[in-house]
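I have placed the structure first, in the form of structure tokens, so that the comments after it can refer back to it.
The values are calculated or read from the model by the stated rules, or taken from the named source; none is laboratory data. Keep in mind the model is a prediction, meaning the values are calculated, not measured. Cβ sites come from the backbone with ideal geometry, for glycine too, and all protein chains shown count toward neighbours.
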């Protein structure tokens with residue numbers, strides 16, 4: 001497991017170098033990091049979780065109290081000890097009132113400092129352990145987000161519990177929208193690594209030329225624009241789990257380097273000549289046919305076998321149609337909580353209709369549909385009338401054939417051009433959806449954007465494009 005980490009912040013360079021040298025000797029198996037600048041220290045605290053921060057009270061850029069308060073916002077569980085000259089003891093006492101663990105006056109005896117640091121590390125370890133226990137209990141609720149009582153779902157629950165207490169590399173396979181990331185989070189939350197946060201990387205979202213640096217880190221000057229050292233996700237996940245989401249999308253050169261990391265449990269940051277040991281459990285997901293990618297040479301077979309120590313498969317909705325009513329009720333409860341509405345019922349004919357439908361986007365698509373059902377509903381029960389309203393929005397007032405998924409012409413003369421039909425359907429839906437959601441939220445753009453799953457800026461752009469005035473929805 002990872003060693004405890006101490007960050008020392010002091011603007012006196014000689015003091016820093018002396019403390020780094022002495023404490024590295026006095027405190028075995030403790031990683032010591034130093035910084036002359038509070039601003040650089042803040043960057044380090046954002047990148048790395050430190051168990052203890054030893055900082056001077058008086059520094060030119062930012063005094064210790066300011067730095068402590070800023071650090072506590074990033075990591076409230078870090079133990080902070082202040083160093084102070086005799087004349088600034090009052091400042092150190094104020095820091096303790098604001099949450100510092102203790103202070104020590106300069107000049108100090110090294111044995112006294114070492115004893116204080118050991119006590120601080122013990123405190124930090126206890127706090128982290130208590131937090132881990134709380135997260136362990138909370139982790140039980142993670143699996144509650146994976147809903148269903150069918151045989152495939154029961155098999156999935158059993159698999160998650162069986163894998164949680166192991167350190168096996170897990171490949172989670174399934175169609176888009178089947179909850180692969182939820183499964184990964186459940187495995188991590190129920191594991192012995194749950195005291196550390198699960199680190200996630202969305203592989204397709206990071207450009208290839210940046211992915212290596214993002215995964216393995218880099219040193220300052222390793223390439224143009226590398227203005228400072230970067231820890232990388234593997235070091236960030238040291239002692240925890242790393243989720244490689246949509247692993248099939250990484251390039252072959254990165255696959256080669258990832259394979260070496262899995263084999264050696266070591267990384268080499270870009271620009272460095274040294275390798276660093278890491279203790280990371282790998283979880284990965286994909287919705288692609290990796291065997292086919294192996295055949296066409298776009299995925300390494302040896303990496304596949306490294307990732308595929310254990311496979312977990314998430315079922316699609318067409319495999320578990322009997323779970324759709326349970327899912328709909330579960331998703332509806334979440335939406336009414338978001339809207340701060342009273343509980344809403346869903347009529348049996350609506351559930352039966354939803355069970356008969358195809359859901360190529362699986363649970364994610366069903367979730368969006370349920371959200372629209374509730375937004376467009378009137379009253380305390382969703383009936384077939386509400387279902388038709390949403391269908392008319394989604395199917396462009398009946399001009400979309402649900403059986404063939406074909407957009408039909410407005411006239412009987414022929415088929416409407418695809419681009420025109422698509423734009424028409426999108427504009428009609430968007431205007432109806434945005435107007436309804438603004439009505440539900442009383443014209444509150446921030447609330448409406450959160451409910452719609454988009455940024456505030458994106459919703460404002462849509463409102464401007466459609467010439468919709470939020471003031472029209474606000475109560476006078």
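Quick notes on this one:
- Extreme residue, farthest from residue 176 (Cα to Cα), among residues of the range 296-348 that are part of a strand (DSSP E or B) and without any contact (Cβ under 8 Å) to a residue 40 or more places away in the chain: 345
- Residue that is modelled with the lowest pLDDT [pool: residues in the range 65-93 that are over 31 Å from the mean Cα position of the chain (by Cα) and assigned to a helix (DSSP H, G or I)]: 87
- As for the range 222-239, it holds at least one residue that is assigned to a strand (DSSP E or B), under 26 Å from residue 45 (Cα atoms) and touching a residue at least 40 places away in the same chain (Cβ under 8 Å).
- Residue count, the range 94-113 (criterion: in a helix (DSSP H, G or I), in contact with a helix residue (DSSP H, G or I) (Cβ under 7 Å, 6 or more places away or on another chain) and closer than 27 Å to residue 76 by Cβ): 2
- Residues that are part of a loop (DSSP other than H, G, I, E, B) and farther than 19 Å from residue 362 by Cβ, drawn from the range 152-174: 165, 166, 167, 168, 169
- Test: residue 262 is assigned to a strand (DSSP E or B) and either within 29 Å of residue 314 (Cα to Cα) or touching a strand residue (DSSP E or B) at 6+ places or on another chain (Cβ under 7 Å) (or both): no
- Test: residue in the range 175-188 that is part of a loop (DSSP other than H, G, I, E, B), under 20 Å from the mean Cα position of the chain (by Cα), in the same structural domain as residue 274 (by TED's automatic domain parsing) and farther than 30 Å from residue 321 by Cβ: no
- Condition met for residue 299 (outside the structural domain of residue 48 (by TED's automatic domain parsing), within 30 Å of residue 196 (Cα to Cα) and modelled with pLDDT of 90 or more): no
- Residue in the range 403-423 that is surrounded by fewer than 15 Cβ atoms within 10 Å (Cβ to Cβ), in the same structural domain as residue 459 (by TED's automatic domain parsing), assigned to a helix (DSSP H, G or I) and modelled with pLDDT of 85 or more present: no
- Once the range 281-304 is narrowed to residues that are closer than 18 Å to residue 242 by Cα and touching a helix residue (DSSP H, G or I) at 6+ places or on another chain (Cβ under 6 Å), the residue that is surrounded by the fewest Cβ atoms within 10 Å (Cβ to Cβ) is 304.
- Set side by side, the residues 437, 468 differ, and just one is at pLDDT 80 or above and assigned to a helix (DSSP H, G or I), which is 437.
- When residue 243 is tested against (1) part of a helix (DSSP H, G or I); (2) modelled with pLDDT of 90 or more; (3) over 17 Å from residue 299 (Cβ atoms), just one condition goes unmet, and that condition is (1).
- Residue list for the range 1-24, filter: closer than 22 Å to residue 65 by Cα and part of a helix (DSSP H, G or I): 13, 15, 16, 19
- Here residue 307 fulfils each of the conditions (1) buried (at least 16 other Cβ atoms within 10 Å of the Cβ); (2) modelled with pLDDT under 90; (3) in contact with a strand residue (DSSP E or B) (Cβ under 6 Å, 6 or more places away or on another chain) apart from (2).
- Options 31, 63, 102, 56: the member that is in contact with a strand residue (DSSP E or B) (Cβ under 7 Å, 6 or more places away or on another chain) and either buried (at least 17 other Cβ atoms within 10 Å of the Cβ) or in contact (Cβ under 8 Å) with a residue 60 or more places away in the chain (or both): 56
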